[in-house]
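A short write-up of the structure that comes next.
The values are calculated or read from the model by the stated rules, or taken from the named source; none is laboratory data. Because the structure is a prediction, the values reported are computed rather than measured. Cβ coordinates were reconstructed from backbone atoms using ideal geometry, including for glycine residues, and neighbour counts include every protein chain displayed.
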Number of protein chains: 4
Amino acid sequence: MVKKAGVLGATGSVGQRFILLLSEHPDFEIQALGASSRSAGRRYEDAVTWKQTSLLPESAKNILVSECSAAAFAGCDIVFSGLDADYAGEIEKQFVEAGLAVVSNAKNYRRNVDVPLIVPIVNPEHVSVVEKKLTDAQAKGEKKPGYIICISNCSTAGLVAPLKPLVEKFGPIDMLTTTTLQAISGAGFSPGIPGIDILDNIVPYISGEEDKMEWETKKILGGFSADGSEFVPLTHEQMKVSAQCNRVAVSDGHTECISLKFANRPPPSLEQVKQCLRDYVCDAAKLGCHSAPKQTIHVLEQADRPQPRLDRDRDAGYGVSVGRIREDPVLDFKMVVLSHNTIIGAAGAGILIAEILLAKKLI
Amino acid sequence: MVKKAGVLGATGSVGQRFILLLSEHPDFEIQALGASSRSAGRRYEDAVTWKQTSLLPESAKNILVSECSAAAFAGCDIVFSGLDADYAGEIEKQFVEAGLAVVSNAKNYRRNVDVPLIVPIVNPEHVSVVEKKLTDAQAKGEKKPGYIICISNCSTAGLVAPLKPLVEKFGPIDMLTTTTLQAISGAGFSPGIPGIDILDNIVPYISGEEDKMEWETKKILGGFSADGSEFVPLTHEQMKVSAQCNRVAVSDGHTECISLKFANRPPPSLEQVKQCLRDYVCDAAKLGCHSAPKQTIHVLEQADRPQPRLDRDRDAGYGVSVGRIREDPVLDFKMVVLSHNTIIGAAGAGILIAEILLAKKLI
Amino acid sequence: MVKKAGVLGATGSVGQRFILLLSEHPDFEIQALGASSRSAGRRYEDAVTWKQTSLLPESAKNILVSECSAAAFAGCDIVFSGLDADYAGEIEKQFVEAGLAVVSNAKNYRRNVDVPLIVPIVNPEHVSVVEKKLTDAQAKGEKKPGYIICISNCSTAGLVAPLKPLVEKFGPIDMLTTTTLQAISGAGFSPGIPGIDILDNIVPYISGEEDKMEWETKKILGGFSADGSEFVPLTHEQMKVSAQCNRVAVSDGHTECISLKFANRPPPSLEQVKQCLRDYVCDAAKLGCHSAPKQTIHVLEQADRPQPRLDRDRDAGYGVSVGRIREDPVLDFKMVVLSHNTIIGAAGAGILIAEILLAKKLI
Amino acid sequence: MVKKAGVLGATGSVGQRFILLLSEHPDFEIQALGASSRSAGRRYEDAVTWKQTSLLPESAKNILVSECSAAAFAGCDIVFSGLDADYAGEIEKQFVEAGLAVVSNAKNYRRNVDVPLIVPIVNPEHVSVVEKKLTDAQAKGEKKPGYIICISNCSTAGLVAPLKPLVEKFGPIDMLTTTTLQAISGAGFSPGIPGIDILDNIVPYISGEEDKMEWETKKILGGFSADGSEFVPLTHEQMKVSAQCNRVAVSDGHTECISLKFANRPPPSLEQVKQCLRDYVCDAAKLGCHSAPKQTIHVLEQADRPQPRLDRDRDAGYGVSVGRIREDPVLDFKMVVLSHNTIIGAAGAGILIAEILLAKKLI
């Protein structure tokens, strides 16, 4: 049965992409679109400045935009939030209290220990925190509780994709460095990055980004305590992570030059590393999710790949490309990772998370 | 007295910049321009496809281009070579055998132990290899021998600029990683980087570049054996260097995200590192060289700098900008280094090297 | 029944796009791929440097590349030529003499009076020259003759799309000016436009382009003599055309600012012009061709559209977008036209022409 | 004697360029800097987000920013206004009433019949309106009245530069079309043009720009009535002008593809047109103004020039480049004009206007 979906921040950059992905989705249909009071009450087509390369879907044009109140989303099985951090904190809290399931692209609740921070091709098993909450409520005969699941930061998503299978197979990563070359689409478009900042230029700084990458990676690669009762991120002692983030003149697709050292000595061979990445099948694919990539990680052998313009659309943006895997004179291995920042790094991740929730019967 | 200068590869990208810099130089005047036999015999203005943002200097327009034979450059006090590696090997060898002094941008002789590899704001003292050769010949009453001095790779130049004062003050660097975002001007323009490769794209690969950065850094930071008889580059055990090189949509100016660990424990403080870089005065400046930067290293405190478009022209491209100096969770410190690849990283370096030779009375 | 297709110049930029479009096409299957002798005998995957944003189709990987000889294409129902003009003249002639049907993107035969110059959404009726040739041969019991159909220049294709319905409805256009802002993909990629030429730059010149636009337009809008016996392009007296062509930093999608004056006085109203364009249904659509655009011309009302990044993919690149239609203080009307240069302006046009030939039972 | 200058809108994009040009100017020194109340009272260095490629001049760093009140600028001989149109109307009016001389980049007073609209390399003689006002006041023994002189729109400045000498020599231009490819720097930087709008894109629309170009051209090419008593712009009947404006991915330098028809028949020859442009010496140069271009119009003969990156800096941005002059199949001639939008099209024009006022002893 098709599930009813709502979108918060529907006129923004992330909201538009949620709508685009939902409009062609077999499992979801749009039930409610929420935006600021300036837009509320207007037809979506009139309220939005549509800036996608695909046309505004016919099915969304006539939906009346509502305010971001839980009441307006009462009938939704799932709510996707593309809200700015300035508003997400308060609104998402309200929605949870009203018993709604929220998948959020905002950063506000990512650090909360009972909120799963999910990259759907990496750690969908972390939704078990929510699963338990639902089961407990059911056992107690309470009404279904609301919850939030957070989408990771866009640059974190690409980074952890190859790390997950490597850690599973070869044990902990002791040290990790990443230098990113990030696309501008992640910054939205009102106004987003000024043109003068990226024309014949790079900006070697993205506010808050390095910090996010450093701790989100440790949460996503973390796990449950031995007795399963508690979720525990990795500590700095377990995994040292350093990020340097740059904005470059690319529309979509974050490129990252990473370097890593395994804790176990001797480390695996170069060929073992490549084979491990090639063999990785994410759980979302095993669950048969509609948007799950056919090939989770594309290992490229050409010397000059991956490149954002050529490789960002693999598996409709849900696959991650890894190239130039080679030994590193300082740590163990270095490689180049490319991921689609608005798909696996933002709205697309939200959709695939919802598909996972559906497959696990949590919605 | 004004010295007579020749330029090899005069119609190419590097050659054009040599000519531009020489045409306004108080210490040099152009005596000979050499190019392929296709151009030889033509007025320079007719032979060249001039692609600089400054106009072709009047003084160069009517010079007759000659072939790249030592005979045609016989009267030159100094010869600047902008030749492609395919031709530089043979031609530069001939010039040296004919007793000429060559400052070369080609890679061919960089690894030779008796050829100084010079970044003029970093290690001009390494020209002493040449100095000794000249003194020895003079002592023996032999005629002045020819010699080559090599300009470093463009991305190496920016990297070693901050390393030199740090090593002088705080001792050896044990580990160093650098991820570069390199401009396209370094690749010349016939054809150079195809537009389709850098529009909405980055190319995470530059042939041979990473290897060059890794060993050139160790040669430039190397020194003479205890008895002064032999030049010895650093070994991998002394300094581990790892480079990841990317081509981005920037016209001029290489940006590098570097991370380093000192050998000595504890390492210096963040403020000590910054102060050391601010205080650095390169020898070329002490020698009063015309093109030496007033401020060798510009330490920037704004969060989002250096940026190539805004900062590449400091001290006419001879100064290096370093920003975002901060502690690194993996090694000791990380920072962003920006240098002008066609000035301090190529033709400009050649001119400043010649000024140093002049100041040291080697030409 | 699926028709057998060959591709000449298969490793080049246009050839790659033919292969991409054919590999998913219901009516055609690739039978032969031709390239230079350097590539001949190799598997296509090994011979090509694939530079498309979609992956090299599995079905094409193992095809053995042949030389561009008619013999190697003997079994083909249709041959698509992406050859450079340097080779197309001789090779295509040979193919025609061997009785093959060639749809060519090269410029060599475009001016020939018995070669139709076709923009498939504009003047497919001009293939009747070929139709007659085939019927005549059949009537005489001769074997099926070979023929060439030329694809127009990429910038011409976009220009004539709105002109056709306007001329049909409102009579001849007396004067037409167009200033183009052309994408770089049309220039191929070995090397195509150098990056340094389009980064922070435009190049106000494309060799031969203005001349092509000026006369091709008059051929495409021309027609048959009263007795139907002869094809006659428009004369300069009938239609004065002036083009100014620029290369800009856009990957795909040619934008043109056009201005036109009708011969008939008074001219139609602004609303009549818009309605005429909205109402236009190209013959390829009426014939039910697979790739024909659902909407031939998209009339945009937003002030700042069409834009290449947002609008070039309408109808998979087969639709043309026209915006900013307004009265012109000098001629009658001005407007902005956007078309996808590699689809409706090159390889895609070739495929749609072949579909038209198929619908008309000419192959 | 050095004149005292004030700058309104000192922290904005145009204001920063006024300050840069003034800081190295032999005839002016900065006396007062005005900005919004948010900045007032702070040191300029602290108030501004400096975004120029040259460093913030030392001499400007410590100037205390004041509010934009006439009192704070009382001692100024000349005031340069880089105010936004939202504020310029009221503030500039106040300044004039207080007897100050204002050179404004804002559009507010451009249409006023008693306000000269000046492109300093084109129509400095139009300042005679102001000259008369000053003489009249002096004759009457009244105190020196204030006045405004308006800088033209950036794209108008480039357009009229070649028109002026052509009209002077060959008589009126009957029809003129221009299609512009405009740089982004003209749009300022807070936020200016969003990066996503100019990366792999063009925007075929700039609000209000086409209208400005169409009427400003007619005012600048206008003149005084026969009895000299009244300034009269050209009428639409005298000169029909049509502009199509596009924003492209260029940092500085507006390129315009223009086409024109003279009123007189037969028109001049192609060579006469070129010679006329080459020979043009603007009045500012004849007056010996410091910033006047040595060569007002650079006629380029290379097929692919002018190009913004290579040619925008001719004569420090005060010279205009014209290339590809050729006959036009629709009107008489077509050509490509390049001008530096922030120099001759904005702040630089203001400085040169002030130099003209100084040469004419109006300040």
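Here are the numbers:
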{"quantity": "The stretch D:194-239, subset touching a Leu at 6+ places or on another chain (Cβ under 7 Å) and under 21 Å from C:LEU260 (Cα atoms), residue surrounded by the most Cβ atoms within 10 Å (Cβ to Cβ)", "calculated": "D:MET213"}
{"quantity": "Condition broken by D:ALA243, with the remaining ones in (1) in contact (Cβ under 8 Å) with a residue 60 or more places away in the chain; (2) farther than 27 Å from D:ALA347 by Cβ; (3) crowded, with 21+ Cβ neighbours inside 10 Å satisfied", "calculated": "(2)"}
{"quantity": "Restricting the stretch A:157-189 to residues that are surrounded by fewer than 24 Cβ atoms within 10 Å (Cβ to Cβ), closer than 12 Å to D:GLY195 by Cβ and not hydrophobic (A, V, I, L, M, F, W, C), the residue that is nearest to the other protein chains (Cβ to nearest Cβ)", "calculated": "A:GLY188"}
{"quantity": "Of residues in the stretch D:336-361 being surrounded by fewer than 23 Cβ atoms within 10 Å (Cβ to Cβ) and either of a type in the set (Gly, Ala, Ser) or over 19 Å from the mean Cα position of the chain (by Cα) (or both), the one nearest to the other protein chains (Cβ to nearest Cβ)", "calculated": "D:ALA359"}
{"quantity": "Among the residues listed as D:ALA71, D:ALA85, the single one being surrounded by fewer than 17 Cβ atoms within 10 Å (Cβ to Cβ), of a type in the set (A, V, I, L, M, F, W, C) and in contact with a Lys or Arg (Cβ under 7 Å, 6 or more places away or on another chain)", "calculated": "D:ALA85"}
{"quantity": "Residues (surrounded by fewer than 24 Cβ atoms within 10 Å (Cβ to Cβ) and within 11 Å of A:ILE351 (Cβ to Cβ)) located in the stretch A:8-20", "calculated": "A:LEU20"}
{"quantity": "The stretch B:203-255 - residue that is part of a strand (DSSP E or B) and away from every other protein chain (no Cβ under 11 Å) and, of those, nearest to D:PRO308 (Cα to Cα)", "calculated": "B:GLY223"}
{"quantity": "Single unsatisfied condition, C:GLU271 versus (1) in contact (Cβ under 8 Å) with a residue 60 or more places away in the chain; (2) acidic (Asp, Glu); (3) away from every other protein chain (no Cβ under 14 Å)", "calculated": "(1)"}
{"quantity": "Candidates A:VAL65, A:VAL79, A:VAL48, filtered to the one that is surrounded by 22 or more Cβ atoms within 10 Å (Cβ to Cβ), within 14 Å of chain C (Cβ to nearest Cβ) and either closer than 28 Å to A:PRO162 by Cβ or among the aliphatic types (A, V, I, L, M) (or both)", "calculated": "A:VAL48"}
{"quantity": "A:ASP315, sole failed condition from (1) at positive phi; (2) in contact (Cβ under 8 Å) with a residue 40 or more places away in the chain", "calculated": "(2)"}
{"quantity": "Candidates B:ARG278, B:ARG305, B:ARG265 - the one that is at pLDDT 95 or above, surrounded by fewer than 23 Cβ atoms within 10 Å (Cβ to Cβ), touching a strand residue (DSSP E or B) at 6+ places or on another chain (Cβ under 7 Å) and assigned to a loop (DSSP other than H, G, I, E, B)", "calculated": "B:ARG305"}
{"quantity": "In the stretch D:114-140, the residues that are modelled with pLDDT under 95 and assigned to a loop (DSSP other than H, G, I, E, B)", "calculated": "D:ASP114"}
{"quantity": "Residue selected from the stretch B:286-302 under the condition surrounded by fewer than 18 Cβ atoms within 10 Å (Cβ to Cβ) and more than 19 Å from B:MET335 (Cα to Cα), by the criterion nearest to the other protein chains (Cβ to nearest Cβ)", "calculated": "B:LYS294"}
{"quantity": "Residue within the stretch D:310-320 that is within 17 Å of C:ILE202 (Cα to Cα), assigned to a loop (DSSP other than H, G, I, E, B) and not assigned by TED's automatic domain parsing to the domain that holds D:HIS25 present", "calculated": "yes"}
{"quantity": "Hits in the stretch B:28-43 (condition: closer than 19 Å to B:ALA74 by Cα and either not assigned by TED's automatic domain parsing to the domain that holds B:ALA354 or not β-branched (Val, Ile, Thr) (or both))", "calculated": "B:PHE28, B:GLU29, B:GLN31, B:ALA32, B:LEU33, B:GLY34, B:ALA35, B:SER36, B:SER37, B:ALA40, B:GLY41"}
{"quantity": "Which listed residue is more than 30 Å from A:ASP328 (Cα to Cα) and in the same structural domain as A:ILE297 (by TED's automatic domain parsing), from A:ILE149, A:ILE202, A:ILE196, A:ILE184", "calculated": "A:ILE196"}
{"quantity": "Condition met for A:ALA316 (within 14 Å of chain B (Cβ to nearest Cβ) and among the small types (Gly, Ala, Ser))", "calculated": "no"}
{"quantity": "Neighbours by Cβ (under 7 Å, 6+ apart or cross-chain): first from the stretch A:322-335, in the same structural domain as A:LEU176 (by TED's automatic domain parsing) and part of a loop (DSSP other than H, G, I, E, B); second surrounded by 23 or more Cβ atoms within 10 Å (Cβ to Cβ) and polar (S, T, N, Q)", "calculated": "A:ASP328/A:SER259; A:VAL330/A:SER259; A:VAL330/B:THR177; A:LEU331/A:SER259"}
{"quantity": "Enumeration of residues in the stretch A:190-202 that are within 9 Å of chain D (Cβ to nearest Cβ), among the aliphatic types (A, V, I, L, M) and either within 30 Å of A:ARG265 (Cα to Cα) or touching a residue at least 24 places away in the same chain (Cβ under 8 Å) (or both)", "calculated": "A:ILE193, A:ILE198, A:LEU199"}
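Conditions (1) under 22 Å from B:SER185 (Cα atoms); (2) of a type outside the set (Asp, Glu), marked per residue:
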{"residue": "B:LEU270", "(1), (2)": "no, yes"}
{"residue": "B:LEU277", "(1), (2)": "no, yes"}
{"residue": "B:ALA284", "(1), (2)": "no, yes"}
{"residue": "B:LEU310", "(1), (2)": "yes, yes"}
{"residue": "B:ASP313", "(1), (2)": "yes, no"}
{"residue": "B:GLY317", "(1), (2)": "yes, yes"}
{"residue": "B:MET335", "(1), (2)": "no, yes"}
